[in-house]
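The values are calculated or read from the model by the stated rules, or taken from the named source; none is laboratory data. Everything numeric in this text was worked out from a predicted model, so none of it was measured. Quick reminder, even Gly has a Cβ in these numbers, built from the backbone with ideal geometry, and neighbours come from all protein chains shown. Only protein heavy atoms, including side chains, enter the accessible area calculation; ligands, DNA and RNA are left aside. Shrake-Rupley method; radii C 1.70, N 1.55, O 1.52, S 1.80 Å.
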Amino acid sequence: MSATLPMLSVTEAARHRRSIRVFEPGPIPQADLDAVLEATSLAPSAFNLQPWRFVVVSDPETKAKLAEAAYRQPQVTSAPSVIVLYTDMADTLATLDQLVRPGTTPEKAEKFTNMIRGIYGPQTEEQRETWAAGQGFIALGFLLLAAQAHGYATSPMGGFEPEKVKALLGLPANVRIPALIAIGRAAEEGTPHHRHPLSRIARTA
Ligand SMILES: Cc1cc2nc3c(=O)[nH]c(=O)nc-3n(C[C@H](O)[C@H](O)[C@H](O)COP(=O)(O)O)c2cc1C
């Protein structure tokens, strides 16, 4: 938990979260970044494959280059850190043994890994990485709420050139990048929520 602020409930975090694009200067304590990413890592994923990976960019020079890859969106350089959320099915499939729950019998473990290879092995790289990116957006939702709960504002961004981000950070060609997330203490209020009423988007059946 953030050292300075009480943690918000999920509902409070959802209500208070807004995209923030101007941040207070000063680094984020590593313990706070870890707390946010640990909560994020609890996100669910199909077959519990957890294909998400994170690079926390805090070095000003690297952030400046990241901003160039993100159409110079000002929040990239304003935020003390930018989290690059990417998904990597090649890494996931190469390390399936790490996903076997402790205590699983070798037979069941083999059944699991064979099943996963059977599903994703025949797919094209395009298909499986697209699938993994979808899982990555679940992590994005968790991250935005976890950050808010710990007293940090965020700005999720889809506006960037993935190939430039990959080159900058030395990421493999196969990976997808669901979002960049600027994170830090808010220095603006953001825009009040404007959302569909529930009656417009939900119904019973
Ligand atoms: C996946 C995703 C990508 C986004 N990309 C950008 C972006 O590149 N630049 C930006 O300024 N805002 C971006 N946004 C922020 C949205 O515009 C914002 O979430 C939306 O207008 C609702 O406002 P709020 O976040 O303040 O509630 C993105 C949001 C999401 C979830």
*Inspect region 184-196 for any residue being more than 9 Å from the ligand (Cβ to nearest atom), farther than 16 Å from R53 by Cα, open to solvent by less than 50 Å² (accessible area, probe 1.4 Å) and touching a Ser or Thr at 6+ places or on another chain (Cβ under 7 Å) and give the result as yes or no.*
yes
*Of all residues in region 33-52, how many are over 13 Å from I83 (Cα atoms) and either hydrophobic (A, V, I, L, M, F, W, C) or part of a helix (DSSP H, G or I) (or both)?*
9
*Could you tell me which of the residues L145, L168 is touching a Lys or Arg at 6+ places or on another chain (Cβ under 6 Å), open to solvent by 20 Å² or more (accessible area, probe 1.4 Å) and either away from the ligand (no atom under 16 Å from the Cβ) or hydrophobic (A, V, I, L, M, F, W, C) (or both)?*
L168
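Residue-by-condition table, conditions (1) touching a residue at least 12 places away in the same chain (Cβ under 8 Å); (2) under 18 Å from S45 (Cβ atoms):
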site: T87; (1), (2): yes, yes
site: A90; (1), (2): yes, yes
site: L93; (1), (2): yes, yes
site: P106; (1), (2): no, no
site: Y120; (1), (2): yes, yes
site: Q123; (1), (2): no, yes
site: E126; (1), (2): no, no
site: A132; (1), (2): yes, yes
site: A139; (1), (2): yes, yes
*asked:* Just to verify a result, which residue in region 150-165, among those that are open to solvent by less than 10 Å² (accessible area, probe 1.4 Å) and more than 12 Å from the ligand (Cβ to nearest atom), is farthest from H16 (Cα to Cα)?
replied: V165
_I need the full set of residues from region 1-38 which are more than 16 Å from the ligand (Cβ to nearest atom) and either in contact with a His (Cβ under 8 Å, 6 or more places away or on another chain) or aromatic (F, W, Y) (or both), in order please._
M1, S2, L5, M7, D32, A35, V36
*asked:* Residue under question is R72, and the condition is that it be under 21 Å from G159 (Cβ atoms), more than 16 Å from the ligand (Cβ to nearest atom) and not β-branched (V, I, T); does it hold?
replied: no
*Would you tally the residues in region 53-75 being touching a residue at least 60 places away in the same chain (Cβ under 8 Å), part of a helix (DSSP H, G or I) and either open to solvent by less than 40 Å² (accessible area, probe 1.4 Å) or of a type in the set (S, T, N, Q) (or both)?*
4
_Residue list for region 157-205, filter: in contact with a strand residue (DSSP E or B) (Cβ under 8 Å, 6 or more places away or on another chain), of a type outside the set (K, R) and under 19 Å from T130 (Cβ atoms)_ = G158, F160, P162, V165, L171, V175, I177, P178, A179, L180
